[in-house]
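To start, the structure under review is shown below, and the notes come after it.
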Amino acid sequence: GQTGKLMYVMHNSEYPLSCFALFENGPCLIADANFDTLMVKLKGFFQNAKANKIESRGTRYQYCDFLVKVGTVTMGPSARGISVEVEYCPCVIANDCWNLLLEFMQSFMGSHTPGIPSVFGAKHDSIYSPADTMVQYMELFNKIRKQQQVPVAGIR
Amino acid sequence: MDKSGMPWHLRYLGQPEIGDKNRYALVRNCVDIATSDNLTDFLVEMGFRMDHEFVAKGHVFRKGIMKIMVYKIFRILMPGNTESIEPLSLSYLVELNVVAPAGQDVVSDDMRNFAEQLKPLVHLEKIDPKRLM
């Protein structure tokens, strides 16, 4: 049969009544909170991947039309990094405000400012959806999962 | 109910509950989820395969928490195309169902009482899904 595929189930406090289920390079389903109940019913058909639950928790800032969310990314008990989410609220077409977002991010992130997210790819002019946010978090979390944990070294 | 922009509705129905033989109504575990419109692609990605599809056209009536549906079933001629359909039969199907919290079996008595009122126009019977599979 098929080689194992990973399905990610994610939650976002910005959309408290929703549940996001996504496959890498596949569709992202937006469902209501009962989706978690469904997964419990179906758990016999899936193997729980060994990857630990990963989460980003922090503060949400509103600055004029921008939303900035800074969080500490943790996997189990250990902190693994920091995530920064920036949203320009009035615009729903990514291509139309990317330059503005870039300028805004550079003002406080300097050299850490990222390039255009791959989730836009070819579809620059389609309407932004919360699923696009979740795909970016999935990619970020996967990147963090793959990073080696830096061992704490004692120095004599 | 089929308006564009409305969420898709996914319903999971479990096996009939044990102890069902004495009850007048079929009782099954049920999970209802509203989803985005890419549900069919997503289910295929999850590993599900489509077994059958159909169009139902008719009316929905409500009496308290009871829902009565009177509908005609249409066969779909071209997969995925809900415009090209033909009726499966000339009759309407009458379905009485209730979604209630777990354990509230007394609901099946209310259902039977209501079903009695529909006689002799309609004879509602409990079905055994296993016999149909």
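No lab work stands behind these numbers, since they all come straight from the coordinates. This structure is a prediction, so every number in the text was calculated from the model and none was measured. All Cβ positions, glycine included, derive from the backbone under ideal geometry; neighbour counts span all protein chains shown.
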Fill in: chain A - mean residue ellipticity at 222 nm from DSSP helices (-39,500 (n - 2.57) per run, n ≥ 4, rounded to 500)
-8500 deg cm²/dmol
Worksheet item: Mind listing which GluC sites (Glu not before Pro) in the range B:1-81 are in a DSSP loop and have 14 or fewer other Cβ atoms within 10 Å?
Response: B:E17, B:E53
Discussion item. Give the residue list of chymotrypsin sites (Phe, Trp or Tyr not before Pro) in the range B:1-104 that are DSSP loop and have at most 12 other beta-carbon atoms within 10 angstrom.
Written reply: B:F48
Response to the item:
Once Lys and Arg are counted +1 and Asp and Glu -1 for all other residues with Cβ under 13 Å from that of B:G58, the total becomes +1
Worksheet, complete the sentence: Rg/Rh of the range B:8-131 (Cα atoms, Kirkwood Rh), to two decimals, equals 0.98
Worksheet item: Out of the range A:43-134, which trypsin sites (Lys or Arg not before Pro) are coil in DSSP terms and have no more than 12 other C-beta atoms within 10 Å?
Response: A:K50, A:K53, A:K123
Worksheet, complete the sentence: Here the convex hull volume per residue of the protein assembly as shown, taken over Cα atoms and given in Å³, is 225 Å³
Practice prompt. Note the angle between two axes, namely the Cα long axis of helix B:107-118 and the longest principal axis of the Cα atoms of chain B, as a number of degrees from 0 to 90, rounded to the nearest 10.
Written response: 90 degrees
Worksheet item: How much FRET efficiency would the formula 1/(1 + (r/R0)^6) give for A:S111 and A:E139, where r is the Cβ-Cβ distance and R0 is 25 Å, rounded to 0.05?
Response: 0.80
Fill in: B:K63 paired with B:N97, simple spin-label distance in nm, labels 7 Å along Cα-to-beta-carbon
1.9 nm
Practice prompt. Let me know the whole percent of all Cα-Cα pairs from the range A:60-153 that are separated by more than 16 Å.
Written response: 61 percent
Item to complete: Taking trypsin sites (Lys or Arg not before Pro) as candidate sites, keep only those in a DSSP loop with at most 10 other Cβ atoms within 10 Å, then name the longest stretch of chain B containing none of them.
Response: B:50-133
Item to complete: Please build a GNM for chain B, connecting alpha carbons under 10 Å apart, and tell me which residue among B:V60, B:V27, B:V44 fluctuates the most.
Response: B:V44
Worksheet item: What size of dipole, in debye to the nearest 20, comes out for the range B:20-91 about its Cα centre when the only charges are +1 on Lys and Arg C-beta atoms and -1 on Asp and Glu C-beta atoms?
Response: 660 debye
